[in-house]
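Peer 1: This structure is in structure tokens; I'll ask about it shortly.
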Amino acid sequence: MQISLHQAGKKFNKEWIFRNLDYTFEKGNHYALIGNNGSGKSTLLQVISGYATLSKGQIHWGAETSETIFKQLTIAAPYLELIEEFTAIEQLAFHITFKPFLAGISFDFMLEKVGLHNAADKQIRYFSSGMKQRLKLAIAIFSEAPILLLDEPCSNLDKEGIELYHDLIQQYALHKLIIVGSNDPQEYSFCKHQVNLLEYKK
């Protein structure tokens, strides 16, 4: 699957976040959306996910539409909330009702892999911000979906958590189309392609 943008632009009120963006994200490749805060990284990821619409131009997801693309992707982002009343196990069980995880991967394995096995039955409301981020990454990376979107994926992670993030990517996600929105090189060091959104402001 590939994602193509043609003369794409998004504005809020009268300000263009980005415009005249022509780009194609190819299956199995890894991309970094870079630029300082406010450059449009999160906004573009939301457009790619089908959550937000363009103000001008077009986006194509192959045979998918904005109503069906969610089946082909997962996203981890600081602004996406977990269900606080759920335990970690309940959150995974809820997720699997609309999107499967990789074959042969159990809930226990996922939680152990991200260091949350001792918190499996703990309500998410009592998780630290780092624990929540680990769970978000587990859900996104272990999902059986060909597209992985990551917005500031190392938010709230300590050094050990950052190493875990790279380990998960290397072991379970390199076959996917990955798009990372970040201004921190350690979050996208594995991406061979970069899109500087500051170049699409005019």
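Peer 1: Looking at this model, which pairs from 10/122; 176/201; 27/122 are more than 31 angstrom apart at the alpha-carbon?
Peer 2: Those over the limit are 10/122; 27/122.
Peer 1: Also, quick follow-up: Kirkwood hydrodynamic radius of the range 1-46 from all distinct Cα pairs, in Å?
Peer 2: 11.6 Å
Peer 1: So how do 67-78, 178-189 stack up, highest first, on mean other-Cβ count within 10 Å?
Peer 2: Put in order of decreasing packing, that is 178-189, 67-78.
Peer 1: Tell me which aspartates and glutamates have Cα within less than 19 Å of residue 71's Cα, excluding those fewer than 8 residues away on the same chain?
Peer 2: 26, 81, 144, 151
Peer 1: Using +1 at the Cβ of each Lys and Arg and -1 at the Cβ of each Asp and Glu in the chain, identify which of 16, 46, 62 lies farthest towards the dipole's positive end.
Peer 2: With unit charges placed on the Cβ atoms, the residue in question is 16.
Peer 1: Could you state the number of Å between the C-alpha centres of the range 1-36 and the range 63-119?
Peer 2: A separation of 26 Å, based on Cα centres.
Peer 1: Which order do the peptides 6-12, 148-154, 22-28 come out in when sorted by mean C-beta neighbours inside 10 angstrom, highest first?
Peer 2: Sorting 6-12, 148-154, 22-28 by mean packing, highest first, produces 148-154, 6-12, 22-28.
Peer 1: Show me, for the range 133-150, the HN-Hα J-couplings you get by feeding each phi into the Karplus relation (A = 6.51, B = -1.76, C = 1.60, θ = phi - 60°), rounded to Hz, glycine and proline as x.
Peer 2: With coefficients 6.51, -1.76 and 1.60, one gets 5, 4, 5, 4, 5, 4, 4, 5, 6, 7, 5, 7, 8, x, 10, 10, 10, 10 Hz.
Peer 1: Let me ask another. Mind ordering 91-97, 81-87, 44-50 by average Cβ neighbours within 10 Å, highest first?
Peer 2: Packing proxy ranking, top to bottom: 44-50, 91-97, 81-87.
Peer 1: If you don't mind, another one. Where both residues lie in the chain, what percent of DSSP beta bridges are antiparallel, nearest 5?
Peer 2: If we restrict to bridges inside the chain, about 45 percent are antiparallel.
Peer 1: Then there is this: Charges on Cβ only, +1 for Lys and Arg, -1 for Asp and Glu, centred on the Cα centroid of the chain; of 4, 131, 104, which one is farthest towards the dipole's positive end?
Peer 2: 4
All of the numbers you see were taken from the coordinates with simple rules; none came from a lab. Computed from a predicted model, the values in this text were never measured in an experiment. Virtual Cβ from ideal backbone geometry, glycine too; neighbours counted across all protein chains shown.
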